[in-house]
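What follows is a short report on a single structure.
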Amino acid sequence: MAIELVPLPLPQTADAEKFKDFGREVKGVHPGNMSKAEREEIHDLLYKYGALLFRNVDLTPEQQYALTKEFDPSSENYGHGNNKTQADAKSILHPDLKTIPRVPQVQLIGNGTVYNHEGLAEAVLKHPSHTTFHKTRVSEEDTEKGITRFYRWHIDAALYNLKPPLVTTLYAKIVPQGPRQTVRYDDGTGDELEVPLGTTAFVSGKTMFDILPPQLKSVAVRGRVKYSPHPYVWMAPAHALPTGLGIMSEGLEMPDDELPPWEEKLVKVYPILWKNPVTDELHFQVHPCGVKELFIDPLPEGANREGAMFPDGAHLTDLKQVRDLLYKMQRPAIAPSLVYPHDWHENDLMLFHNRGLLHSVVGAFRPDQVRAFHQCNLAASSEPVGPSLEDVRKYA
């Protein structure tokens with residue numbers, strides 16, 4: 001049976017035109033048992049569509065690890081470093097991850113307590129919620145009415161020492177049922193988005209770049225971001241914006257001299273735009289919470305300087321200025337019409353291009369609502385590729 005592709009079911013809020021090349025459900029092949037030709041086809045399809053969904057599949061942790069590794073055969077370790085986030089209680093990721101003992105590259109995430117699960121006699125899981133990370137929070141009264149928020153828009157990556165994973169695989173084992181919720185942006189726009197309980201929300205990095213006005217496209221194609229050392233420890237004392245798209249500038253970040261030991265050579269500096277290895281398209285791929293500085297190259301020789309921002313280049317070190325500029329570029333792409341909130345079913349497997357999308361945990365659960373997912377991503381064997389000289393000349 002040949003591989004069959006079906007468009008993902010979009011919510012009524014989605015702009016279908018913007019999603020015509022985003023996401024496909026895959027039928028006719030089992031992701032844990034593919035031929036060489038099928039693996040090659042799935043590889044290219046993932047980079048073309050950004051996210052692939054397999055419904056109702058039985059997948060062992062070993063098969064999930066092997067599938068994830070197919071996209072980068074030289075990769076080996078979990079994308080944040082095996083057990084390192086758990087060993088460091090200061091990291092904001094610390095409460096969210098439990099390692100499956102016999103396959104340490106696969107993490108158990110979710111909510112509530114699960115028993116006798118893949119070698120774990122008992123695992124207490126905590127679904128990350130805006131209530132512990134945002135500057136403000138939804139009131140208890142509104143929470144009872146189903147009002148919630150995006151938690152944190154991000155890329156799965158350590159952003160220090162290790163290279164960002166190419167692909168993340170997310171496999172739903174236990175999915176609690178409950179009423180739909182409403183994401184409130186709470187940023188003065190009035191934007192809201194109705195979502196399934198416990199959805200994972202996705203936005204396209206390609207769309208994030210494509211919809212920018214020319215002035216900001218020029219900044220993006222010339223820009224590089226510098227992340228903090230140990231960014232998840234650095235950001236832990238701080239508070240996020242109500243959209244989950246970055247941090248409030250309150251001076252609460254952990255000082256460099258109080259971070260775990262770090263080396264300058266291991267600090268990550270990445271292009272704002274990452275090139276898709278199959279389509280050659282550019283994706284706006286910035287984890288806004290971890291960025292500390294911003295570099296912008298000068299306009300190339302012969303470029304039109306009229307109205308250009310930073311025509312002679314810039315090195316921005318004022319954290320609020322850096323964050324405000326990134327927010328201006330990224331916020332349009334998380335508009336309700338551009339968000340795909342996945343409606344999880346048990347035994348759904350989602351593969352997504354971690355270097356082409358941003359995603360966010362959404363919503364909140366009661367302690368008795370048990371949710372268990374297996375997540376796998378592997379620190380890559382190579383760094384992201386940024387814009388070519390031709391790209392710079394085209395957009396700058």
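The values are calculated or read from the model by the stated rules, or taken from the named source; none is laboratory data. Worth saying up front: this structure is predicted, and the values here are computed from it rather than measured. Cβ: placed from backbone, ideal geometry, glycine included. Neighbour counts: every protein chain shown.
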Selected residue (criterion: surrounded by the fewest Cβ atoms within 10 Å (Cβ to Cβ)) from residues of segment 219-242 that are over 17 Å from the mean Cα position of the chain (by Cα) and part of a strand (DSSP E or B): Arg224
Which listed residue, of Val114, Val138, Val183, is among the aliphatic types (A, V, I, L, M), assigned to a loop (DSSP other than H, G, I, E, B), over 19 Å from Gly79 (Cβ atoms) and assigned by TED's automatic domain parsing to the domain that holds Thr60: Val138
Select from segment 332-360 the residues that are within 23 Å of Thr60 (Cα to Cα) and assigned to a strand (DSSP E or B) and list them in ascending order. His342, Leu349, Met350, Leu351, Phe352, His353
If Pro341 meets every condition in (1) surrounded by fewer than 24 Cβ atoms within 10 Å (Cβ to Cβ); (2) closer than 19 Å to Ser204 by Cα apart from one, which number is that one? (1)
Would you confirm whether any residue within segment 217-231 is outside the structural domain of Phe19 (by TED's automatic domain parsing), in contact with a Leu (Cβ under 7 Å, 6 or more places away or on another chain) and farther than 19 Å from Arg355 by Cβ? yes
Residue tally, condition part of a loop (DSSP other than H, G, I, E, B) and more than 11 Å from the chain's Cα centre (by Cα), over segment 152-163: 5
In this structure, does Glu258 turn out to be over 30 Å from Pro11 (Cα atoms) and free of Cβ contacts under 8 Å to residues at least 24 places away in the same chain? yes
Strands (runs of 3 or more DSSP E) fully within segment 249-331 counting 3 or more residues that are surrounded by 17 or more Cβ atoms within 10 Å (Cβ to Cβ): 273-275, 282-284, 291-296
Any idea how many residues of segment 361-371 are surrounded by 24 or more Cβ atoms within 10 Å (Cβ to Cβ) and either in a strand (DSSP E or B) or in the same structural domain as Leu241 (by TED's automatic domain parsing) (or both)? 1
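Taking segment 93-106 as the region of interest, how many residues are touching a Phe, Trp or Tyr at 6+ places or on another chain (Cβ under 7 Å) and outside any loop (DSSP other than H, G, I, E, B)? Working first, answer last.
First, the residues of segment 93-106 that are touching a Phe, Trp or Tyr at 6+ places or on another chain (Cβ under 7 Å): 93, 103-106.
Now drop any that are not outside any loop (DSSP other than H, G, I, E, B), which leaves 106.
So the count comes out to 1.
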Those residues of segment 128-149 that are in contact with a Pro (Cβ under 9 Å, 6 or more places away or on another chain), touching a residue at least 60 places away in the same chain (Cβ under 8 Å) and of a type outside the set (D, E, K, R) come to a total of 4
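Please specify each residue of segment 187-203 satisfying the condition of being out of contact with any Leu (no Cβ under 9 Å at 6 or more places or on another chain) and either in contact (Cβ under 8 Å) with a residue 60 or more places away in the chain or not hydroxyl-bearing (Ser, Thr, Tyr) (or both). Walk me through it before giving the result.
Of segment 187-203, the ones out of contact with any Leu (no Cβ under 9 Å at 6 or more places or on another chain) are 188-199.
Those that are out of contact with any Leu (no Cβ under 9 Å at 6 or more places or on another chain) and either in contact (Cβ under 8 Å) with a residue 60 or more places away in the chain or not hydroxyl-bearing (Ser, Thr, Tyr) (or both): Gly188, Gly190, Asp191, Glu192, Leu193, Glu194, Val195, Pro196, Leu197, Gly198, Thr199.
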For residues that are of a type outside the set (Lys, Arg) and either surrounded by 23 or more Cβ atoms within 10 Å (Cβ to Cβ) or not in a loop (DSSP other than H, G, I, E, B) (or both), tally how many sit in segment 186-218. 20
Which residues, taken from segment 59-92, are at pLDDT 75 or above, part of a loop (DSSP other than H, G, I, E, B) and over 16 Å from Ala379 (Cβ atoms)? Leu59, Thr60
